[in-house]
Amino acid sequence: MPNLLKKEKSPYLKQHEDNPVDWYAWNKETLLKAKEEKKPIFLSVGYASCHWCHVMAHESFEDQETAKLMNEKFINIKVDREERPDLDYVFQKSLSILTGIQGGWPLSMFLDENGVPFTGGTYFPPKEMQGRPDFKKVLNNVSSVYKENREKIIAQAPQIQDIFSKINQRSAVLSQPLEPFVEKIITYLDEEFGSFKGAPKFPQFYMFDAIFYFYLKTNNQKYLNPVEKLLSNISSKGIYDQLEGGIARYAVDEEWIVPHFEKMLYDNIQYINLLTKFYQKTKKEYFKNKLIQTINFINKEFKNKENLYGSAYDADSEGIEGKYYVWSYEELKKILQNDIGLLEKKYDISSVGNFEGNNILIESKNELNKEDQSKIAEIEEKLIKERKKRVKPFFDDKSQTDLNAFILDTLIGASIVLEDHNLKDESIRTLEILNNKLSDKIYHCYDSSEIDAFLEDYVYYAMLLVTLYEVNGDELSLEKAITIMKEIWELFYNNDTQLLQKNKIQDNDLFVSPIDLNDNNIPNGNSIYLNLCNKIYTITNDKFWFDKVEILKKSYHQVINSFYSQMFSFIKTLDLCENSISFTFFGNQDSIKDIKIYLQKNYLGRATFVFKKNEKEDAVVICKNQTCSEKLKNFNDVKNYLENKI
């Protein structure tokens with residue numbers, strides 16, 4: 001059979017359309033073919049900007065001899081993990097269960113003819129290296145084992161299914177204090193460089209967002225310090241693109257100096273989100289500048305032909321990791337000549353460099369006067385122009401609904417804090433494009449896929465619509481969000497586990513039901529759904545939503561003790577539900593506009609905004625749980641109530 005990836009839309013799959021491997025996409029026909037031919041499946045999962053995916057492709061999938069072996073012995077399936085996050089979750093977890101190995105990409109799994117995994121790994125080199133067996137030897141060994149033990153391997157399926165059924169084991173806890181989880185995680189953090197100790201270092205923003213929420217709630221400095229340490233290090237080091245803004249996925253060292261150069265939309269959304277909240281509270285100009293620079297970068301460089309947001313930029317250009325971003329000292333001297341001394345005031349650069357003889361720009365600790373800052377900004381513009389002459393890394397331009405909704409929600413929040421009406425207007429225009437795209441149905445990337453949408457697509461889209469109501473009082477957006485939220489319950493709620501499944505229950509084509517409660521790339525859809533149920537109940541007072549809140553709160557409390565470090569968005573959401581704050585606005589709000597702006601700047605995301613426009617009198621009522629203020633009409637009364645009661 002020929003390579004069938006030419007028919008696919010995913011940029012990652014199309015990168016492999018000319019491989020000599022007879023690749024198939026994951027679909028019913030392919031799974032049926034494996035059954036009919038009684039052949040094991042080799043499943044390769046990656047994504048378009050994944051460096052080690054490219055390496056394995058060049059070394060093995062483009063090699064004729066390796067491809068011949070794969071084609072003879074396996075049904076070979078290639079999957080874009082961003083197209084099928086449910087599948088990626090299940091097989092990453094399977095790798096951990098079967099081998100004890102931590103997963104990653106490329107994910108290389110071997111499945112029986114029924115699509116159930118029996119062994120696997122991540123990157124396999126063409127020749128044995130650092131304890132990793134060579135790929136051809138792995139292919140031969142797995143094929144032999146399967147032929148000799150086929151019936152035994154197939155008979156093992158119920159065992160792994162049973163293990164999956166016990167992943168979200170419950171305790172008897174129905175409710176518990178949540179702040180102790182935050183106090184506990186702080187003890188594991190790196191007090192010098194931020195995030196967890198050691199390397200590689202990932203920002204894990206969902207966790208720091210929750211920690212910062214508890215700082216805003218308690219005003220306890222011990223919750224502020226880890227967030228400031230993280231943002232200060234990230235924003236000043238090599239993981240941050242000092243010239244154009246935006247962060248890379250992670251750093252390979254503990255000081256954030258050397259990034260793994262790929263830039264993912266989901267990391268940058270959460271960086272913007274946390275920076276917005278941090279700047280609003282601290283008013284530190286340094287972070288405002290980083291926030292604006294990154295927003296401008298995302299809006300300029302991450303938009304695709306649809307004027308929606310793509311997914312990621314590759315780490316490599318011209319086959320070399322980081323080539324687009326790094327500078328030799330000689331190159332800088334040639335471009336800047338006598339001005340190189342000014343650049344050295346702001347950045348630690350040298351002839352030795354900090355990355356393979358080249359320089360990744362990292363900020364020095366020198367104080368700069370206004371004149372120097374102005375001149376250095378001109379120098380940076382010159383370097384940007386020079387860099388634009390280079391071959392840019394590959395841009396994975398596919399739009400994912402969950403990420404587009406998340407970035408728009410985040411940008412609307414940032415526009416309020418920054419008082420940037422142009423940013424708000426641009427975000428709402430992009431929202432209209434997304435609305436039009438999803439007017440017939442909600443889907444993840446491509447309308448034509450067999451598995452076309454996931455929990456996070458529905459949930460984040462509903463979140464964006466609720467935010468639009470909370471910001472503009474848009475009743476139509478609220479009604480649409482409520483309709484979507486009811487659909488979510490019908491399509492994704494798993495009665496057996498009392499949790500929401502990652503894919504639609506009726507469409508599941510995996511050997512287990514993918515019920516994922518971890519915060520991975522973005523906060524988990526289960527957590528966001530609970531928060532929205534609580535908001536909609538507060539707005540509508542409809543008991544339907546109160547019942548959903550109670551069911552999910554109990555379910556999450558019962559599992560959170562086992563996995564708390566991966567469930568920080570749940571910790572935040574559960575606390576939001578227990579301390580439910582709302583602001584109800586009466587009238588057309590003209591005379592209390594300053595109150596509304598103040599509250600949105602400080603509470604959007606951690607309170608619910610309700611509008612009663614049919615009232616003649618302009619006023620706001622502040623509630624926390626069942627305790628409410630009288631109608632407040634002036635700024636001082638609002639501030640006094642917040643200080644004393646909230």
- Task: For segment 285-302, enumerate the residues that are open to solvent by 20 Å² or more (accessible area, probe 1.4 Å) and touching a residue at least 12 places away in the same chain (Cβ under 8 Å).
- Result: TYR286, LYS288, ILE292, GLN293, ASN296, ASN299, GLU301
- Return a yes/no flag: does segment 128-141 have any residue that is touching a strand residue (DSSP E or B) at 6+ places or on another chain (Cβ under 7 Å) and closer than 21 Å to LYS73 by Cα. no
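Listed residues GLU378, GLU386; which is modelled with pLDDT of 95 or more and either open to solvent by 80 Å² or more (accessible area, probe 1.4 Å) or more than 28 Å from ASP267 (Cβ to Cβ) (or both)?
GLU378
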- Message: LYS441 - would you say it is over 24 Å from SER569 (Cβ atoms), assigned to a loop (DSSP other than H, G, I, E, B) and open to solvent by less than 10 Å² (accessible area, probe 1.4 Å)?
- Response: no
- Query: Given the structure, is LYS365 of a type outside the set (A, V, I, L, M, F, W, C), open to solvent by 90 Å² or more (accessible area, probe 1.4 Å) and under 24 Å from TYR286 (Cα atoms)?
  - Reply: yes
- Message: Under 9 Å between Cβ atoms, which residue pairs at least 6 apart in sequence (or on different chains) link something in segment 323-352 that is of a type in the set (S, T, N, Q) with a partner that is open to solvent by 80 Å² or more (accessible area, probe 1.4 Å)?
- Response: SER328/SER351; SER351/GLU330
- Task: Determine which member of the set GLN102, GLN92 is part of a loop (DSSP other than H, G, I, E, B) and either touching a strand residue (DSSP E or B) at 6+ places or on another chain (Cβ under 6 Å) or open to solvent by 10 Å² or more (accessible area, probe 1.4 Å) (or both).
- Result: GLN102
- Note on the structure: Only unsatisfied item for PRO133, checking (1) surrounded by 13 or more Cβ atoms within 10 Å (Cβ to Cβ); (2) touching a residue at least 24 places away in the same chain (Cβ under 8 Å), is (2)
- Task: For segment 577-590, state whether one or more residues are charged (D, E, K, R), part of a helix (DSSP H, G or I) and over 30 Å from ILE488 (Cα atoms).
- Result: yes
- Task: From the list ASN503, ASN520, pick out the single residue that is at pLDDT below 95 and either touching a strand residue (DSSP E or B) at 6+ places or on another chain (Cβ under 7 Å) or open to solvent by 20 Å² or more (accessible area, probe 1.4 Å) (or both).
- Result: ASN520
- Query: What's the number of the condition ALA251 fails, among (1) at pLDDT 95 or above; (2) open to solvent by 60 Å² or more (accessible area, probe 1.4 Å)?
  - Reply: (2)
- Query: Does LEU275 meet the test of being open to solvent by less than 10 Å² (accessible area, probe 1.4 Å), touching a Gly at 6+ places or on another chain (Cβ under 9 Å), touching a residue at least 12 places away in the same chain (Cβ under 8 Å) and part of a helix (DSSP H, G or I)?
  - Reply: no
- Task: Name every residue in segment 239-256 that is part of a loop (DSSP other than H, G, I, E, B) and within 16 Å of LYS229 (Cβ to Cβ), in order of residue number.
- Result: ILE239, GLU254, GLU255, TRP256
- How about segment 150-206: which of its residues are assigned to a helix (DSSP H, G or I), open to solvent by 70 Å² or more (accessible area, probe 1.4 Å), at pLDDT 95 or above and of a type in the set (Ser, Thr, Tyr)? none
- Item | From the options LYS147, LYS137, LYS78, residue that is within 30 Å of TYR266 (Cβ to Cβ) and outside any loop (DSSP other than H, G, I, E, B) | LYS78
- Message: Can you find a residue that is in contact with a strand residue (DSSP E or B) (Cβ under 8 Å, 6 or more places away or on another chain) and under 30 Å from SER317 (Cβ atoms) anywhere in segment 29-43?
- Response: yes
- Within segment 215-229, can one find any residue that is crowded, with 20+ Cβ neighbours inside 10 Å and either among the β-branched types (Val, Ile, Thr) or modelled with pLDDT under 95 (or both)? yes
- Message: Quick test for you: out of LYS572, LYS639, pick the one residue that is modelled with pLDDT of 95 or more and surrounded by 21 or more Cβ atoms within 10 Å (Cβ to Cβ).
- Response: LYS572
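May I ask you to list the residues in segment 452-470 that are under 16 Å from the mean Cα position of the chain (by Cα) and open to solvent by 10 Å² or more (accessible area, probe 1.4 Å)? Let's see the steps before the verdict.
To start, the set of residues in segment 452-470 that are under 16 Å from the mean Cα position of the chain (by Cα) comprises 454-461, 463-464.
Once the filter is applied, which keeps residues that are under 16 Å from the mean Cα position of the chain (by Cα) and open to solvent by 10 Å² or more (accessible area, probe 1.4 Å), segment 452-470 yields GLU456, TYR458, MET463.
Tally time: how many residues in segment 485-498 are part of a helix (DSSP H, G or I) and surrounded by fewer than 20 Cβ atoms within 10 Å (Cβ to Cβ)?
5
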- Among what's in segment 1-20 and is open to solvent by less than 50 Å² (accessible area, probe 1.4 Å) and among the aliphatic types (A, V, I, L, M), pick the residue that is farthest from MET264 (Cα to Cα). LEU4
- State which residue is nearest to VAL90 (Cα to Cα) when the search covers only segment 21-38 and only residues that are open to solvent by 40 Å² or more (accessible area, probe 1.4 Å) and not aliphatic (A, V, I, L, M). LYS28
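The values are calculated or read from the model by the stated rules, or taken from the named source; none is laboratory data. Computed from a predicted structure; not experimentally measured. Please note: Cβ atoms are built from the backbone with ideal geometry, for glycine as well, and neighbour counts cover all protein chains shown. Ligands, DNA and RNA are stripped out before the accessible areas are found, and what is left, the full protein with its side chains, is counted by its heavy atoms. Shrake-Rupley method; radii C 1.70, N 1.55, O 1.52, S 1.80 Å.
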